[in-house]
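The values are calculated or read from the model by the stated rules, or taken from the named source; none is laboratory data. Note that the coordinates shown come from a computational prediction; the quantities given were computed from them, not determined experimentally. Positions of Cβ are generated from backbone atoms using ideal geometry, with glycine treated the same way; all protein chains shown enter the neighbour counts. Please note that ligands, DNA and RNA were not included when accessible areas were found on the heavy atoms of the full protein model with its side chains. Shrake-Rupley method; radii C 1.70, N 1.55, O 1.52, S 1.80 Å.
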Amino acid sequence: MDGDDEVGASAMIDESMSNGVESASPATAAMGEPMDVEAYAAMYTGRTKILRLLFIADKCDNEAMNLEALRMAYDEIKKGEDTSLHREVASKIRGRLGPKYNVDTAWVDSVEKRAMLRKEKLENELNGYRTNLIKESIRMGYNDYGEFYYTHGLLSDAFKSYVRTRDYCTTSKHIVQMCMHVLLVSIELGQYSHVANYVSKAENTPDPLPAVTQAKLKCASGLAFLETKKYKLAARKFIETGYELGNNYSEVIAPQDVGLYGGLCALASFDRTELKTKVIDNVGFRNFLELVPEVRELINDFYASRYASCLEYLEKLKANLLLDIHLHEHVEALYTEIRHKAIIQYTVPFISVDLHNMADAFKTSVGGLEKELEALITNGQIQARIDSHNKILYARHADQRKATFQRVLQTGGEFEREVKSMLLRANLVKHEVTAKSGRKF
């Protein structure tokens, strides 16, 4: 069985390499060093590639990285037809890359002229389909409209066009296709309520879904849960993603992202048992973790109680994670949850803990650690008390004898109430006492 697992893992890595995916994510491979923007962008296609590059340009403080991201975004946009995005990038470059990267007026005019002709043609075709009442043709017409609007960056119009195809879908395949189009646009618009809704619609179609489509839906659902800060649900979805995903959803997410998002969300929300069974021993998810070895190592360090090493990995990853378009808003919250879990797990085996030793283990000051422990004790996450003078944490174990007596008294009280109720009912029946309803009909 172990041999089969290893073969499966190797197959995933080989497939990723053949599809142009590196064995490690550029966002994590060189920890503590600036991100390799070119390698990072190569993992994505379509509009998400452009938007991720623009996000990096907006968030990074390194001017060289900023210009590199803008240059690549400019070149990528010229391959498409979004003139609005072209003007936006050129304005952000501000001539710093030379005249070649100013607004290309001739290209803009040419694209907009073609767009007018294309839109007119699509409108005439759709009107003809409506006149003839051919459902399949109408569906295809709205699909073409959606693709046209999406290509030109008119996402709200693209969303409306894709949704309109729903009334003309005649097979499960059509419904799934409609859902995948809507998901693509909704994720880019940040409308994650629509994402959850259309994932459900696609999953509830009567015909079985291909493995790749199932993997895509798991990723979309995971992103929706991540954006709504439901980290445990997000972790489950990413962990359930099949390795068939490969590079087949690069217009939204890379396989490295699945390992990164799933690993961090699991570390922040899973208990020790779940972390072992659902992450560390999960052969399917291990394929994704192999693509982000730093995340794999910090998960293993956390489980093995090597907290200093785990937190060190996290700190080195932080700068690049803050440049991730989906993860940046959640980095602080995830890091806080992971750190708190580590502190709690550290204190569990001991009756007393020297705060100086604990501070060394967590690479912090005794004063800072004391404040963290105070917050956790106040929230009821740690049952302990702090000796501030001697800097010792004492576990507050429950008095088992007292707890047993309390349970006995509670059980006795409940038994007494039940017996009294039974005797009352028996006496009422014996004396034929009945209560008539006061309702009038």
Q. Do you know which of the residues in the stretch 420-434 that are open to solvent by less than 100 Å² (accessible area, probe 1.4 Å) and at pLDDT below 90 is nearest to the chain's Cα centre (by Cα)?
A. 426
Q) Given the structure, is residue 194 in contact with a Ser or Thr (Cβ under 8 Å, 6 or more places away or on another chain), at pLDDT 90 or above and more than 16 Å from residue 217 (Cβ to Cβ)? A) no
Q | Residue satisfying condition, being touching a Pro at 6+ places or on another chain (Cβ under 9 Å), buried (at least 17 other Cβ atoms within 10 Å of the Cβ) and not aliphatic (A, V, I, L, M), within set 40, 101 | A | 40
Q: Taking the residues in the stretch 43-83 that are in contact (Cβ under 8 Å) with a residue 40 or more places away in the chain and outside any helix (DSSP H, G or I) as candidates, determine which candidate is surrounded by the most Cβ atoms within 10 Å (Cβ to Cβ).
A: 43
Q: For the stretch 148-163, name all the residues that are open to solvent by 40 Å² or more (accessible area, probe 1.4 Å) and touching a residue at least 24 places away in the same chain (Cβ under 8 Å).
A: 151, 156
Q: Could you please find all residues in the stretch 298-334 being open to solvent by less than 60 Å² (accessible area, probe 1.4 Å), among the charged types (D, E, K, R) and over 23 Å from residue 38 (Cα atoms)?
A: 301
Q: Take the stretch 164-179 and flag every residue that is open to solvent by less than 40 Å² (accessible area, probe 1.4 Å), in a helix (DSSP H, G or I), over 25 Å from residue 229 (Cβ atoms) and in contact with a helix residue (DSSP H, G or I) (Cβ under 6 Å, 6 or more places away or on another chain).
A: 165, 176, 178
Q) On the given criteria, is residue 315 among the acidic types (Asp, Glu) and in a helix (DSSP H, G or I)? A) yes
Q.
If residue 133 meets every condition in (1) open to solvent by less than 40 Å² (accessible area, probe 1.4 Å); (2) more than 25 Å from the chain's Cα centre (by Cα) apart from one, which number is that one?
A. (1)
Q. Residue 405 passes all but one of (1) part of a helix (DSSP H, G or I); (2) among the aromatic types (Phe, Trp, Tyr); (3) touching a residue at least 40 places away in the same chain (Cβ under 8 Å); which number fails?
A. (3)
Q | helices (runs of 4 or more DSSP H) wholly inside the stretch 180-271 that include at least 2 residues being open to solvent by less than 50 Å² (accessible area, probe 1.4 Å) and of a type in the set (S, T, N, Q) | A | 211-227, 255-269
